[in-house]
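What follows is calculated from the coordinates using simple rules that are stated; it is not laboratory data. Bear in mind the structure is a predicted one, so any value in this text is a computation, not a measurement. Positions of Cβ are generated from backbone atoms using ideal geometry, with glycine treated the same way; all protein chains shown enter the neighbour counts.
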Amino acid sequence: QTHFLSHSLQAKMSRPVQARRLKGVEKNIWVEFVKLAATYSKVNLGQGFPDFPAPDFLTEALTRALGRENHMLHQYTRAFGHPPLVKVLAQLFEKLLGRELDPMTNVMVTVGAYQALFCCFQALVDEGDEVIIIEPFFDCYESMVKMAGGTPVFVPLRPNPPKDGKLMSSADWQLDPAELASKFSERTKAIVLNSPNNPLGKVFSRGELGLIAELCVKHDVLCISDEVYEWLVYDGKQHIRIASLQGMWDRTVVVGSAGKTFSATGWKVGWAVGPDRLLQHLRTVHQNSVYHCATIAQDAVAQGFQRELMLYGKPESYFVQLPKELQQKRDWLVQSLDGVGMKPIIPEGTYFLVADISQFKSDVPDVPNSDEPYDSRFAKWMVKNKGLAAIPLSTFYSEAHKNNYTNFIRFCFAKEEATLKAASDILQKWKQEKTSS
Ligand code: PMP
């Protein structure tokens, strides 16, 4: 009897358990690098989150929401977004996009921008559809397209180093118009745009966005526009919203994040804004999976936006203050990296900065024919041996193109001055050891 039982149990265990859609997306670089940083780093400029506090008005809003005044904030709210939050988001985006919005049909609140992206791909991409992704890209786009049964088609931003010996800027990374056009076909369902771009910090110009828009309209292609860094642009640059260009509103889903907007990434409140013809399908995915995110966090974020709407364009606005502070941090890190010869690419936006590690290569020996790109081995070596965490640029490329960009690492500069100073000290000491050895 026992023998028979164990035999039948064994037989059952031999059946494949993994759904086919998970094939090829099992690995996640964040899980790997977050663990490495937690284990080894003294200074963590890796994953993108601030180490300074969220603004007082936001944490005070959360405290108010927690108070006894409205105990119903501890209960379920509307599936597609807590009413005060969708209302204020609609008001804000009416201003930003220059069109009337219905809070109930044109806005959906999600668990971070991440879930808004997931809803987009699940709702809009079918088996056999192609989705164009501009490299380097936030890595989850590729996995999410694949999980939906689609095929990612990659097109790179190509670097054009300035001739005058000046530092490179993220603006020097550009799409080749003919190459971009060649990626659009009958099978193209959507393009993912991320401006300001993680990891380069590139802020797409009106001309570049116009080109993408023209191709979308010509080929009847949707645009998933990830704008989580919409408020983080520097040097007086302007963030242009592709949904505001001619012919684009009806085919664009705008994705945003309260985590990035209000320096509270752990709250995981995000949104999708777009026409009802697209959002109705995102709602179907959302209602059948997550349903909604914490009411209390949505309420506090709504209060944060109400404040910002009142102060819109004024110097006290967080949307004005935060980029001002971050620009100083960027400039400081640019100088200190340039000083040690880790040449920075000056970002026009986001809180990331990509730097060239060529001059530090001699310390981390190359392993010929390794499957792992050099920058990845470099970043792992750096966190283990120097205690400084950063993210290799190759992780933001497709498998086929990973080995074209292996001399760069990405730093996050949304950090306290002391953190940035500690990072700079590590690099300076390292540089001195190199020159004296
Ligand atoms: N898009 C981009 C480009 C990001 O960098 C991130 C976070 N690193 C997200 C989306 C996810 O945002 P959230 O934390 O709101 O889910």
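Quick notes on this one:
- With the simple model of a label 7 Å out from the Cα in the direction of the Cβ, LYS218 to GLU94 spans 3.6 nm.
- Note that segment 260-275 has calculated 3J(HN,Hα) couplings of 7, 5, 10, 6, 9, 5, x, 6, 6, 10, x, 7, 10, 10, x, x Hz, one per residue in order, obtained from phi through the Karplus relation 6.51 cos²θ - 1.76 cosθ + 1.60 (θ = phi - 60°); glycine and proline are x.
- Of the trypsin sites (Lys or Arg not before Pro) found in segment 129-166, those that fall in a DSSP loop while having at most 16 other beta-carbon atoms within 10 Å are LYS163, LYS166.
- Label-zone membership for segment 273-292, site GLN75, 7 angstrom Cα→C-beta point, backbone N under 20 Å: 291-292
- Those aspartates and glutamates that a straight Cα-Cα span of less than 13 Å connects to LYS237, excepting residues fewer than 8 apart in one chain: GLU348
- Listing THR435, THR151, THR295, THR350 from fewest to most neighbouring C-beta atoms within 10 Å gives THR435, THR151, THR295, THR350.
- Shape call, segment 1-154: gyration tensor on alpha carbons, a/c limit 1.5: prolate
- Cβ-based exposure ranking for GLU372, GLU69, in which fewest neighbours within 10 Å come first: GLU69, GLU372
- Where labels lie 7 Å past Cα in the beta-carbon direction, separation of ASP51 and THR151 in nm: 4.5
- For SER195, residues with placed amide H under 5 Å, excluding near neighbours: ASP226
- For the pair GLU325 and LYS27, the difference between a 0.36 nm per residue extended length and the Cα-Cα distance amounts to 103.8 nm.
- Cα centroids of segment 377-397 and segment 229-280: 30 Å apart.
- Those chymotrypsin sites (Phe, Trp or Tyr not before Pro) in segment 8-109 that DSSP places in a loop and that have at most 10 other beta carbons within 10 Å: TYR76
- Long pairs among LYS329/LYS431; LYS87/LYS314; LYS42/LYS343; LYS23/LYS268; LYS42/LYS361; LYS183/LYS431, criterion Cα-Cα beyond 32 Å: LYS183/LYS431
- Net charge of neighbours whose Cβ lies under 12 Å from the Cβ of GLY236, counting Lys and Arg as +1 and Asp and Glu as -1: 0
- Summed residue charge, Cβ within 14 Å of ALA422's Cβ, Lys/Arg positive, Asp/Glu negative: +2
- Each of VAL233, VAL269 was scored by other Cβ atoms within 10 Å of its Cβ. Listed from fewest to most, they are VAL233, VAL269.
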